[in-house]
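To start, the structure under review is shown below, and the notes come after it.
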Amino acid sequence: MTVGDLLPRLSGVVAPAGGLGADVRDRAVTAIAYDSRRATAGAIFVAVSGQRFDGAAFAADAMGRGAVLVVSASAPPVDGPVAWVRVEDARLALAELAAAFHHDPSHDLTVVGVTGTNGKTTTTYLLAAIFAAAGWPCGRIGSVGYDTGGTMRDAERTTPEAPEVQALLREMVQHRRAACAMEVSSHALAMRRVEGTRFAAAVFSNLTRDHLDYHLDMEHYFGMKRRLFDMLPAGAPAIINTDDPFGLQLVEMVGRPVTYAIDRAADVTPDRVESSLPGTSIDVRTPRGRLQLRSSLPGRLNVYNVLAAVSAAVALDVPFQAIEQGVAGLEGVPGRFEMVSSPDDDVCVLVDYAHTDDALRAVLGAVRELCGGRVISVFGCGGDRDTAKRPLMGAVAARLSDLVVVTSDNPRSEDPDRIIDEIRRGIDSSTTAATGPPHLGITDRRTAIERAIDEAEPGDAVVIAGKGHETCQVVGDERRPFDDRLVARAALARRRARPRVS
């Protein structure tokens with residue numbers, strides 16, 4: 001593929017700088033790069049703007065490494081490279097070039113995008129299981145990892161940059177995947193990482209407070225989520241949770257809404273729900289008929305996830321037998337309501353990714369409903385992220401826990417003790433010493449988890465929230481190996497080994 005082959009895919013071209021003659025247009029393109037340090041011979045370097053730097057400042061570096069063309073939204077410097085195209089939106093250009101360079105792989109797949117604050121990961125796992133049961137091998141892109149049908153990769157971010165998205169989709173095609181279930185984050189939509197991707201359907205799970213350090217307010221956050229639905233081709237279904245107030249707004253903005261809900265009338269809704277820790281049984285009414293579903297995923301939050309995946313599958317005409325088999329066949333999702341205790345333990349311990357006040361409310365509410373004993377919560381909040389949610393999470397934990405252990409999450413550049421203090425203010429402001437649960441602040445996360453499990457009495461439940469599937473902890477610039485599940489299992493093993501006192 002040459003520069004001349006790719007240039008027609010660019011929209012919003014302001015002007016080519018210095019003239020792009022036949023010598024430039026005929027150059028072979030080997031990659032689409034957005035980091036000058038990764039530019040190689042034959043690459044097109046797209047100079048995107050970050051939070052601190054304009055990528056155009058690194059154009060000379062990219063050209064020095066062999067880039068054949070620079071694309072940017074800013075004008076080239078006087079002494080800049082000759083092969084330069086100026087566009088209105090460099091991030092859009094990056095996505096357009098990436099899709100074209102990889103020969104539009106989404107056109108060869110049934111791609112379902114899942115967006116919303118909570119539930120994206122579990123919904124994509126359910127969709128992949130349903131598609132597989134239908135004989136459509138399915139890849140996944142999301143916060144747990146990238147599965148293309150070849151090797152499973154850890155995820156650097158929920159939705160990677162556009163060149164990685166398109167490369168992953170192309171790899172899925174090469175591995176004979178028929179479908180892809182993709183988590184689409186609000187950051188990805190704001191940065192146009194999935195532009196140029198053709199979605200067969202899109203799912204909106206819910207919208208609650210998160211990422212407001214980036215989006216500033218809920219309306220902007222919602223506007224970014226809506227972008228996914230604006231990208232849908234005519235006639236493609238928009239799967240929307242209408243129990244969510246933002247979902248009710250979104251229904252009025254899409255061409256083909258397919259709604260699901262528990263509490264409201266909707267296209268897909270349960271007639272009967274029975275849930276316990278071993279799993280959930282749901283009878284579901286759909287426009288195509290009734291489904292009888294059995295899932296190993298417990299709790300009301302997972303009923304929503306099941307309904308989301310089922311609604312998408314029904315809208316895409318997946319056979320009912322495959323839907324029922326797929327839902328039943330998914331045994332669990334890493335770090336999402338993941339049980340780490342065993343039947344040999346006298347307490348229930350689970351790990352969940354809940355890192356917002358609404359997600360924490362959902363998981364603690366589900367555990368309180370399903371378990372008979374006390375609920376002990378262990379959680380923190382990430383550093384260098386939305387600070388306003390810290391007391392909100394503290395208040396939720398205080399209302400739904402019998403003991404709260406506040407600890408470090410990924411403190412990054414912040415003082416972890418200060419983060420803990422901000423969380424505990426929410427506990428103090430929502431309760432009194434007489435009515436509120438006891439709460440501890442333990443900076444070291446390992447010690448906090450061990451203390452919570454030691455404090456648990458037979459029949460209690462311990463919820464370790466915030467990090468879920470993550471296998472490291474970010475402290476300053478250091479990434480330290482840390483897995484909540486391994487720490488909890490070790491603590492449970494020591495608890496089992498202790499002498500029992502009757």
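The values are calculated or read from the model by the stated rules, or taken from the named source; none is laboratory data. No experiment lies behind these values; they were computed from the predicted model shown. Cβ placement follows ideal geometry from the backbone for every residue including glycine, while neighbour counts extend to all protein chains displayed.
Taken together, D428, D460, D484 contain a single residue that is of a type in the set (D, E) and within 30 Å of E156 (Cα to Cα), which is D484.
Considering the stretch 428-479, the residues that are at pLDDT below 95 and assigned to a helix (DSSP H, G or I) include one that is surrounded by the most Cβ atoms within 10 Å (Cβ to Cβ), namely S430.
Restricting the stretch 31-56 to residues that are hydroxyl-bearing (S, T, Y) and under 30 Å from the mean Cα position of the chain (by Cα), the residue that is farthest from W84 (Cα to Cα) is S49. Select from the stretch 57-106 the residues that are within 32 Å of the chain's Cα centre (by Cα) and part of a loop (DSSP other than H, G, I, E, B) and list them in ascending order. Within the stretch 57-106, A73, S74, E88, D89, H102, H103, D104 qualify. Going by the conditions given, is F229 under 19 Å from A313 (Cα atoms) and in a helix (DSSP H, G or I)? Here the answer is yes, as F229 does meet what is asked.
Candidates are the residues of the stretch 196-232 that are among the hydroxyl-bearing types (S, T, Y) and at pLDDT 95 or above; the one that is nearest to the chain's Cα centre (by Cα) is S205. The residues listed here are G372, G383; of these, the one that is in a loop (DSSP other than H, G, I, E, B), modelled with pLDDT of 95 or more and farther than 17 Å from A448 by Cα is G383. Restricting the stretch 250-280 to residues that are surrounded by 14 or more Cβ atoms within 10 Å (Cβ to Cβ) and polar (S, T, N, Q), the residue that is modelled with the lowest pLDDT is S275.
For the stretch 292-312, check the following and say yes or no: at least one residue is more than 27 Å from the chain's Cα centre (by Cα) and surrounded by fewer than 16 Cβ atoms within 10 Å (Cβ to Cβ). Yes, because at least one residue in the stretch 292-312 is more than 27 Å from the chain's Cα centre (by Cα) and surrounded by fewer than 16 Cβ atoms within 10 Å (Cβ to Cβ).
Restricting the stretch 399-427 to residues that are under 27 Å from the mean Cα position of the chain (by Cα) and of a type in the set (A, V, I, L, M), which is surrounded by the fewest Cβ atoms within 10 Å (Cβ to Cβ)? Only one residue tops the list, namely L400. Comparison of D89, D104 shows that the only residue that is on the phi > 0 side of the Ramachandran plot and among the charged types (D, E, K, R) is D104.
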